[in-house]
Structures are given as structure tokens and as C-alpha cells.
Amino acid sequence: MWVAEELRAAGFDAQSVWPRLVRPRVLDPSVLRFIGSLDARTAEKCCEVLPRFASANANVLGSTYCKQVDVGLSSWMTGPEILISTKTMSSAFGKNLANRFEEAYGDAKNLKGRHPLATLGFFFLLNSSIVDEPRNFSKAITMLQKLRVEDDAYDATCLMLVDWEEDGRLAISPLNEKVPEELSATSFFREIVDLTLLRGAPESHELAREKRRLL
């Protein structure tokens with residue numbers, strides 16, 4: 001939800017970004033525009049039955065299989081414009097890192113194969129305790145860098161270190177200063193926004209373009 005909110009804050013259409021702030025979390029914006037054009041009584045009836053036909057997840061068809069994508073920007077007219085996969089790891093880094101990156105590599109090839117103009121991102125949330133394991137920390141950084149060097153892989157990757165609080169909440173760790181700048185959240189969202197605007201129609205995403213000009 002936080003990653004999606006960053007896309008909305010960048011100026012992209014709030015209804016085209018998923019997960020949406022309200023249920024159903026995934027819904028084509030043209031459906032909402034259609035309902036909005038109806039009289040109040042008919043629109044209310046549509047909203048009552050809408051959850052039966054809307055999905056809680058975004059399953060995007062790739063070149064070889066359907067993939068559930070955590071965060072994205074899409075509409076019926078444009079198709080997917082942003083596709084972001086998110087992963088979280090709190091422990092057992094040595095055991096699980098290789099599996100996570102193997103999955104990520106395959107997912108990127110699958111999605112990019114069918115949607116070459118979509119901006120692909122990989123956002124990796126790691127327990128900051130990985131810094132105490134220099135070899136695994138270096139491995140995570142290297143693998144995230146490798147995931148973005150090929151034309152048919154990810155356009156942007158991010159590594160964010162967090163601390164797990166006793167009450168289960170997450171806090172951004174000050175150890176993020178050890179993460180290379182190109183893998184930072186700031187760099188990640190800048191690349192996602194810039195590439196999406198570059199690849200989109202010149203008249204699309206007016207608010208996002210205006211916000212980008214003001215930076």
C-alpha cells in the first residue's frame with residue numbers, strides 16, 4: 001500500500017493505481033467512470049454487486065504464465081504501464097536469498113516478454129539485521145544490481161532496510177545509508193516515474209508530468 005501511495009503522490013491517477021485505497025483493491029478505472037455517469041440509484045446498485053466481479057489481486061498475463069503483481073498502474077485502454085513486485089525477508093538470509101532472486105529474475109522475463117514498454121520494478125524489504133552478515137548483505141546488493149542490467153529485466157530495483165518493532169510495526173532503519181544510492185527508494189521512484197512518463201503518450205499523466213517539472 002505504501003508503494004502504491006507513492007505512485008499516487010507522484011501524480012498518477014489514484015483509480016488506475018493498485019492496490020486502491022478502498023475495496024475492491026483492483027479495478028479498471030473505466031468501470032468507475034461508467035458507474036459515475038449513471039443516476040444515483042443505478043450507481044448504488046452497481047456498487048453493491050461490484051465486489052462479486054472485482055478481484056482482490058491483480059493477475060497479469062506474461063509471456064508464459066499469469067503473475068500476481070503487487071503494485072501497478074493500468075487501464076483498459078493503455079494496458080499495464082507500471083508493474084512492481086514487492087518481496088519481504090526478515091531472517092534466514094543465507095538460505096532464502098538465492099530463491100528470492102531466482103523467482104524475481106524469472107518473473108521479470110515473463111512480464112517484460114509480453115509488456116516490453118511497461119516500467120518494471122522490484123522492491124525488496126529486508127530486516128536490517130542482514131548488515132550483521134556482510135557476505136549476505138553484499139550478495140543482496142549485487143543481485144539487486146544484476147536484476148536491472150538487462151533490457152528485458154527490471155527497470156528499477158530498491159533495497160530498503162527496516163527494523164521490526166516489538167509490536168509488529170516496521171520502522172525505516174538508519175542503516176539505509178549503507179545501501180547504494182541507485183538502490184535507494186528515492187532513486188527507485190524517480191526512475192519509475194521518469195520511465196513511465198517517457199514511454200507514455202505525451203498527453204498522458206498530466207499531473208505527474210507537472211509535478212515532475214516542479215522538482
Which value in Å does the Kirkwood hydrodynamic radius of region 1-75 take, with 1/r averaged over all unlike C-alpha pairs and then inverted?
-> 13.3 Å
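Whats the longest run of the chain with zero GluC sites (Glu not before Pro) that are DSSP loop and have at most 12 other Cβ atoms within 10 Å? Intermediate results must be reported in sequence, preceding the final value.
Working: sites that count: Glu150, Glu165, Glu166, Glu203.
In the chain, the maximal stretch lacking such sites is 1-149.
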How large are Rg and Dmax for region 127-175 when only the alpha carbon atoms are used, in Å?
-> 13.2, 42
Counting sequence-distant residues (5 or more places) and residues on other chains, those with an amide H built under 5 Å from that of Thr88 are Leu125
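With a 1.4 Å probe and all protein chains left in place, how much of the accessible area of region 1-95 comes from carbon and sulfur atoms, in whole percent?
Values: 3080 of 5430 Å².
The value for region 1-95 is 57 percent carbon and sulfur by accessible area.
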Tell me, how many Å apart are the Cα centres for region 72-91 and for region 121-174?
-> 17 Å
Under 30 Å Cα-Cα from Lys87, which lysines qualify once same-chain neighbours fewer than 8 residues away are excluded?
-> Lys67, Lys95, Lys109, Lys112, Lys139, Lys146, Lys178, Lys211
Can you give the Kirkwood hydrodynamic radius for region 56-215, in Å, rounded to one decimal and based on Cα pairs?
-> 16.6 Å
What accessible area per residue comes out for the chain, rounded to a whole number of Å², with a 1.4 Å probe?
-> 55 Å²
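Within the set of other residues whose C-beta is less than 14 Å from the C-beta of Leu207, count the net charge using Lys and Arg as +1 and Asp and Glu as -1.
Numbers: positive: Arg8, Arg209, Lys211, Arg212, Arg213; negative: Asp13, Glu203, Glu206, Glu210.
Once positives and negatives cancel, what remains is +1.
For a distance above 23 Å, tell me the whole-number percent of Cα pairs in region 122-215 that qualify. If you can, show how the numbers build up before the last one.
Working: 1658 of 4371 pairs.
Tail fraction, whole percent: 38.
The values are calculated or read from the model by the stated rules, or taken from the named source; none is laboratory data. What you are looking at is a predicted structure, and each value in this text was computed from that prediction instead of being measured. So basically every Cβ, Gly included, is an ideal-geometry build from the backbone, and we count neighbours across all protein chains shown. Surface accessibility is based on the protein's heavy atoms, side chains included, excluding ligands, DNA and RNA. Shrake-Rupley method; radii C 1.70, N 1.55, O 1.52, S 1.80 Å.
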